[in-house]
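The values are calculated or read from the model by the stated rules, or taken from the named source; none is laboratory data. Quantities reported herein were computed from a predicted structural model and do not represent experimental measurements. In this analysis, Cβ positions are derived from the backbone assuming ideal geometry, glycine residues included, and neighbour counts consider all displayed protein chains.
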Amino acid sequence: MGALRPGAAGAPYSQPYKLISERKEVSQIKTKETSGAIKRVNINIPTGLHNSFKAAAAAQGLEMTEVLMAYIESYVAKYGYATPKKKGRRK
């Protein structure tokens with residue numbers, strides 16, 4: 001005779017499966033107040049640098065996104081915003 005699925009009568013687990021939304025340990029995704037749409041930016045960095053950055057941000061009680069947003073804002077403030085030139089159609 002085959003093994004019984006968890007939750008079936010006589011199976012080792014007598015409680016039915018819980019929906020993820022019913023589980024207490026599942027945390028909600030943090031939402032932050034923003035002024036406008038959000039654009040995702042992905043970068044490739046060495047693993048060691050990523051780990052060091054993550055630890056440094058955590059040591060200050062910050063998330064990596066917060067640190068990067070502050071840097072990008074200061075960079076744009078320093079160097080200004082430039083509209084990219086439109087390229088012509090390729091022939």
Seminar exercise, completed: Residue pairs within 9 Å by beta carbon, gap of at least six or interchain, first lying in the stretch 72-91 and closer than 21 Å to R40 by Cβ and free of Cβ contacts under 8 Å to residues at least 60 places away in the same chain, second part of a loop (DSSP other than H, G, I, E, B) and hydrophobic (A, V, I, L, M, F, W, C), listed first then second, are I72/V41
Problem set entry | Criterion (on the phi > 0 side of the Ramachandran plot and modelled with pLDDT of 70 or more) met by exactly one of G80, G48, G88, G7 | G80
